[in-house]
Structures are given as structure tokens and as C-alpha cells.
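*Asks:* Take this structure, written in C-alpha cells, and hold onto it; I'll ask about it next.
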């Protein structure tokens with residue numbers, strides 16, 4: 001049999017992208033989703049042909065021994081990578097049959113690597129609506145290598161900046177940008193996103209300089225929500241490769257951003273028309289099946 005493995009139990013309401021990708025692969029290929037110790041033990045009762053492993057945080061997984069056994073038993077391993085920082089687990093890396101399908105380029109020279117924009121899965125087209133909060137909205141983790149970029153875009157008084165992040169990061173974000181407002185999000189990201197006038201697309205410097213990458217999850221979440229997404233000029237190479245670049249949405253300074261907001265309605269309509277009712281999930285289904 002074939003199966004897809006994720007290191008933590010998947011629920012329909014979870015926000016962890018690796019679980020969503022694993023569930024999607026399971027549904028698309030009609031194969032068993034292994035996300036608990038019990039399911040892993042059940043899978044070990046059968047021969048395993050191809051084992052798809054979606055990158056995740058192994059430290060919190062309570063069935064690591066079973067995962068090692070599954071890897072040893074599988075004839076073929078396909079590592080699904082949507083985070084360049086998530087290293088391939090050692091048991092899988094030793095398998096001669098290992099191949100990787102990932103959202104990033106082959107920066108570590110793996111023998112068998114395919115680039116695929118898995119983040120298209122996060123696009124869900126919603127009707128446009130009027131915003132409740134003017135200014136910029138940003139959501140996500142506090143990555144240390146983004147602190148200077150955060151200071152550039154958030155630490156000012158030219159327009160309101162709202163930040164949604166884990167409670168443990170709120171104080172540090174406030175230290176970076178004392179005037180920004182922490183928004184306590186509730187529910188699915190695309191629902192609360194739609195309360196805001198705009199968001200910004202930024203990326204890690206290492207992606208710009210060393211590891212070419214497909215657009216991140218937030219690109220698809222924001223554009224699918226019909227919220228204006230402005231592009232940090234430093235992300236141009238990423239968005240050009242993906243076919244999404246347009247100078248109309250480019251900002252290189254806070255003043256640029258403020259001026260774009262003055263033309264918010266026209267820019268949002270232009271961006272909505274750019275993507276239309278494009279079915280990104282259907283595209284991804286076809287592209288994934290084509291590279292298997």
C-alpha cells in the first residue's frame with residue numbers, strides 16, 4: 001500500500017499547513033493518512049510501497065519509533081517540503097530511493113528533487129467585502145531574521161499597523177514597533193484577514209539571496225481573501241518566477257505604502273482581476289500528479 005505521514009494529528013480546524021498538505025495528498029491519491037501512533041501501527045501490518053512524508057516538527061510526535069519502522073519498511077520515500085528550514089529526518093535521508101517535492105529550489109543538492117508550488121493549496125477564493133480597519137495587517141511568527149524588515153515596515157506613525165501573532169511573541173513585536181496594535185485573531189485566517197484594508201508580502205533574506213522559493217502561504221491566503229496585498233520590492237525575484245509580479249503593487253518604503261493606500265480601491269480591483277476566479281487547487285492537483 002501507499003500512505004502519507006504527518007507527525008501530528010490532523011483536524012479540519014487546525015492551522016498547521018503540513019497537516020493540510022498531508023490531508024490533501026491522502027484525498028487526491030486515495031491513500032491512508034497516518035497521523036497517530038495507532039494508524040502508524042496499523043500501517044506497519046502491511047507492505048508499504050511509497051511513503052509520502054510531509055515535513056513537520058518531530059519533537060512533539062509520540063510515535064517516532066513507528067515512523068522509523070515505516071521508513072525502513074517502505075520501498076520508496078517522497079519527502080514533501082513546504083519549509084526550507086525543516087530538515088529531512090535522518091531515517092528517510094539514508095534511503096537510496098528518497099526523492100523530494102518541495103516549494104524551494106534544491107539548495108542542498110539532493111539527488112532527486114522537484115520544485116512544486118504546494119502553497120497554492122492555501123488559496124480559497126472568497127467574495128470581496130469592505131474593510132473594517134484601515135492600514136496594514138501582518139500575521140505570523142516572530143522570525144529573528146526578519147526583525148530589521150519588521151522595523152522597517154511596522155515602526156512608524158504614517159498609518160495603522162495591526163499584527164496577529166502568538167501571545168508569546170506579542171511583547172517582542174511591541175518592542176520592535178511600539179505603535180503597532182496586536183490583533184487577537186479568532187477563527188480561520190481568511191475570515192479575519194478580510195477585516196483589514198491591506199497586507200504586505202515580505203520574505204526572509206535567505207530566500208532572496210540563496211534559496212529561490214515559491215510564494216509563501218500568506219500570498220495565497222491574502223489574495224484569495226480579496227484583500228489588497230502590496231509587495232516588498234525585495235521579493236520581486238520570487239514573484240516574477242511565479243508570474244505574479246506587477247509594479248503597481250510594489251512598495252520600497254513606508255511612504256510608498258501610504259501612497260498606494262490612497263489608491264486602494266483601484267489597486268484592489270486590479271489585483272482581483274489579475275487572479276480572477278482562477279482555481280489554484282485544481283492547478284496544484286494536476287501539477288502534483290504530473291510530477292509523481
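*Asks:* Could you work out how far the C-alpha centroid of the range 5-57 sits from that of the range 102-150, in angstrom?
*Replies:* What the calculation gives is 22 Å, centre to centre.
*Asks:* Also, quick follow-up: If we restrict to alpha carbons, what Rg and Dmax does the range 133-275 come to, in Å?
*Replies:* 14.2, 38
*Asks:* Just the number, please: Stokes-Einstein D of the range 99-200 in µm²/s, Kirkwood Rh from C-alpha pairs, 10 °C, 1.306 mPa s. Don't skip to the answer; put the middle values down first.
*Replies:* Details: Rh = 15.9 Å.
This corresponds to a translational diffusion coefficient of 100 µm²/s.
*Asks:* Further, regarding this structure: Between residue 42 and residue 272, what is the spin-label point distance in nm, taking each point 7 Å from the Cα along the Cα→C-beta axis?
*Replies:* 4.4
*Asks:* Quick one: of the DSSP bridges fully inside the range 133-275, what percent are antiparallel, nearest 5?
*Replies:* Percent antiparallel among DSSP bridges in the range 133-275 is about 0.
*Asks:* What spacing in nm lies between the two simple spin-label points modelled at residue 133 and residue 241, each 7 Å away from Cα in the Cβ direction?
*Replies:* Each label point is offset 7 Å from its Cα along the Cβ direction, giving 3.2 nm.
*Asks:* Hey, another quick one. Given the alpha-carbon gyration tensor of the chain, what are the semi-axes of its equivalent ellipsoid in whole angstrom, ordered largest first, with each equal to the square root of 5 times an eigenvalue? If you can, show how the numbers build up before the last one.
*Replies:* Values: eigenvalues 264, 77, 66 Å².
That gives 36, 20, 18 Å for the three semi-axes.
*Asks:* For the range 178-236 and the range 261-292, what is the separation of their Cα centres, given in Å?
*Replies:* Cα centres, the range 178-236 to the range 261-292: 15 Å.
*Asks:* Another question, then. Helix 167-176: angle to the longest alpha-carbon principal axis of the chain, degrees 0 to 90, nearest 10?
*Replies:* 40
*Asks:* Same structure again: Between residue 65 and residue 292, what length comes free when the chain is fully extended (0.36 nm per residue of separation minus the Cα-Cα distance, one decimal in nm)?
*Replies:* On the way: separation 227, 0.36 × 227 = 81.72 nm, distance 2.75 nm.
Fully extending the segment from residue 65 to residue 292 adds 79.0 nm.
*Asks:* Output the Kirkwood hydrodynamic radius of the range 203-292, Cα pairs only, in Å rounded to one decimal.
*Replies:* Details: mean 1/r = 0.0697 Å⁻¹.
It is 14.4 Å.
*Asks:* Listing 231, 133 from the residue with the fewest other Cβ atoms within 10 Å to the one with the most, what is the order? List each step's numbers first, then the result.
*Replies:* On the way: 231 24, 133 14.
Starting with the residue having the fewest Cβ neighbours, the order is 133, 231.
*Asks:* For the chain, what does the helix formula give at 222 nm: sum of -39500 (n - 2.57) over DSSP H segments with n ≥ 4, over the residue count, nearest 500 deg cm²/dmol?
*Replies:* Numbers: 13 runs with 110 residues, N = 292.
That calculation yields -10500 deg cm²/dmol at 222 nm.
*Asks:* Sketch the reach of a paramagnetic label on residue 285 as a point 7 Å from Cα along Cα-to-Cβ, and name the residues of the range 23-62 whose backbone nitrogen lies under 16 Å away.
*Replies:* Once the point is set 7 Å along Cα→Cβ of residue 285, 23-31 turn out to lie under 16 Å by backbone N, inside the range 23-62.
*Asks:* Sorted from fewest to most neighbouring beta carbons within 10 Å, what does the list 70, 274 look like?
*Replies:* Numbers: 70 23, 274 13.
So the ranking, lowest neighbour count to highest, is 274, 70.
*Asks:* Sorted from largest to smallest, which semi-axis lengths in Å does the alpha carbon gyration tensor of the range 1-110 give for its equivalent ellipsoid, taking the root of 5 times each eigenvalue? Write down the numbers at each step before the final one.
*Replies:* Details: eigenvalues 70, 58, 35 Å².
They are 19, 17, 13 Å, listed largest first.
*Asks:* Going by how many other Cβ atoms sit within 10 Å of their own, how do 148, 277, 105 line up, fewest first? Don't jump to the answer; show the numbers that get you there.
*Replies:* On the way: 148 9, 277 6, 105 16.
With the sparsest Cβ surroundings first, the list reads 277, 148, 105.
Taken together, the values in this text are just the output of simple stated rules run on the coordinates, not laboratory data. Values in this document were obtained by computation on a predicted structure and should not be read as measured data. With ideal geometry, Cβ positions are generated from the backbone for all residues, glycine too; neighbour counts draw on all protein chains shown.
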